[in-house]
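One structure is given below, encoded as structure tokens.
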Amino acid sequence: MSGIKDVMPSAAVKFFGAGTAACIADLITFPLDTAKIQGESQKVKGAKYRGVFGTITTMVRTEGPRSLYNGLVAGLQRQMSFASVRIGLYDSMKQFYTRGTESAGIVTRLMAGCTTGAMAVAFAQPTDVVKVRFQAQVRLADGGRRYNGTLDAYKTIAKDEGVRGLWRGCMPNITRNAIVNCAELVTYDIIKELILKYDLMTDNLPCHFTAAFGAGFCTTVVASPVDVVKTRFMNSGAGQYSSAVNCTLTMLRNEGPTAFYKGFMPSFLRLGSWNIVMFVTYEQIKRGMTRAQQYWESPF
């Protein structure tokens, strides 16, 4: 991804900037993600969810506005760990595969996206499990909740399901992150590169917005099936599915192929808006931090 023309941002700037930008994007788009997961989990009894905005309205009416931000702490923890690696190290991984040369073909970009996506899951999967559980949970009959807080969720899952419970859905999540990274970063990379190559826009906000929108749409199309399986499997009860493959086959047999694109519009609304906010913010953070670093090193 092309950055500032005079001085390229360092790996540390990209690492920190990606995590920060992802957290900002999560803060803005989190209700859309919660609505998507609530609709998929189908755990609310006596309440009909009609689309993403109908889901949001129902949740606000029955559980209050705060329910839209269930699992926000775990979500921010997830973004700081996931995005810092999968997005922040993408350029460094491209350079690794090209051995420091500037030119990077489509295969190299795909390899870099797959690698950083898998690396992110390697140590941050528990944050994703807790985030999904929080977003899918509803009030119990006595008014209580399944988990009282983020730390309680980590402890409860580890106690009831073992440490492996915190890594539930790890393999489908690795697959999902590899797909998302390739679709998201490579698409953004290529669209932005073409816009600049043919002088359609300058390397500024409109360019970043356009590339991010395209990346969000492509990501939704290719990642929705894996995302649906991942969410269903991670939120399932003990013994409901023997594996992610079993979950996939069960869904295909009982609900048909369209089940894998359930919640496509909420997914696109969420991923599209998330990509726009994240990439635009990321580009600005990279520029701001690089300029600040330059000024700090050479104030005069």
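The values are calculated or read from the model by the stated rules, or taken from the named source; none is laboratory data. This structure is a prediction, so every number in the text was calculated from the model and none was measured. Cβ coordinates were reconstructed from backbone atoms using ideal geometry, including for glycine residues, and neighbour counts include every protein chain displayed. Ligands, DNA and RNA are excluded from the accessible area calculation, which covers all protein heavy atoms including side chains. Shrake-Rupley method; radii C 1.70, N 1.55, O 1.52, S 1.80 Å.
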Note to self, the chain gives a 222 nm [θ] from helices alone (DSSP H runs n ≥ 4, -39500 (n - 2.57) apiece, / all residues, nearest 500) of -24000 deg cm²/dmol
Scaled by the rule-of-thumb 2.2 N^0.38 Å, the alpha carbon Rg for the range 190-243 gives a ratio of 1.81
Amide H proximity to residue 145 below 5 Å, modelled H, separation 5+ or other chain, gives 140
Averaged over all viewing directions, the convex hull of the alpha carbons in the range 169-262 casts a projected area in nm² of 6.8 nm²
Residue by residue through the range 15-29, the couplings from Karplus 6.51 cos²θ - 1.76 cosθ + 1.60 with θ = phi - 60°, in Hz, x for Gly and Pro, are 4, 5, x, 5, x, 5, 4, 5, 5, 5, 5, 5, 4, 7, 9
Rg from C-alpha atoms of the range 111-243, normalised by the globular rule of thumb 2.2 N^0.38 Å, equals 1.32
Debye calc, one equal point scatterer per Cα of the chain, no solvent, log10 I(q)/I(0) at q = 0.08, 0.15 1/Å comes to -0.36, -1.18
With bins of 5 Å, the percent of all Cα-Cα pairs of the range 71-168 per bin from 0 is 2, 13, 18, 17, 13, 10, 8, 7, 5, 3, 1, 1, 0
Sorted on mean Cβ neighbours within 10 Å (highest first), peptides 242-249, 268-275, 52-59 come out as 268-275, 52-59, 242-249
Note: residue 296 to residue 123 extended length (0.36 nm per residue) minus current alpha-carbon separation gives 58.9 nm
The answer for the chain, accessible area per residue at 1.4 Å probe in Å², is 47 Å²
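Could you tell me what percent of the accessible area of the range 169-262 is made up of carbon and sulfur, with a 1.4 Å probe and every protein chain present?
Numbers: 2870 of 4190 Å².
Carbon and sulfur: 69 percent of the exposed surface of the range 169-262.
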Phi-derived 3J(HN,Hα) across the range 195-204 with the Karplus relation (6.51, -1.76, 1.60, θ = phi - 60°), rounded Hz, x for Gly and Pro, is 4, 6, 5, 9, 6, 6, 8, 8, 6, 8
Heavy-atom accessible area of residue 227, protein chains in place, probe 1.4 angstrom, given in Å² to nearest 10, is 20 Å²
With the convex hull built on the alpha-carbon atoms of the range 217-300, volume per residue in Å³ sits at 128 Å³
In terms of the charge dipole of the chain, which places +1 on Lys and Arg and -1 on Asp and Glu at the beta carbon, the residue among 268, 205, 150 farthest towards the positive end is 150
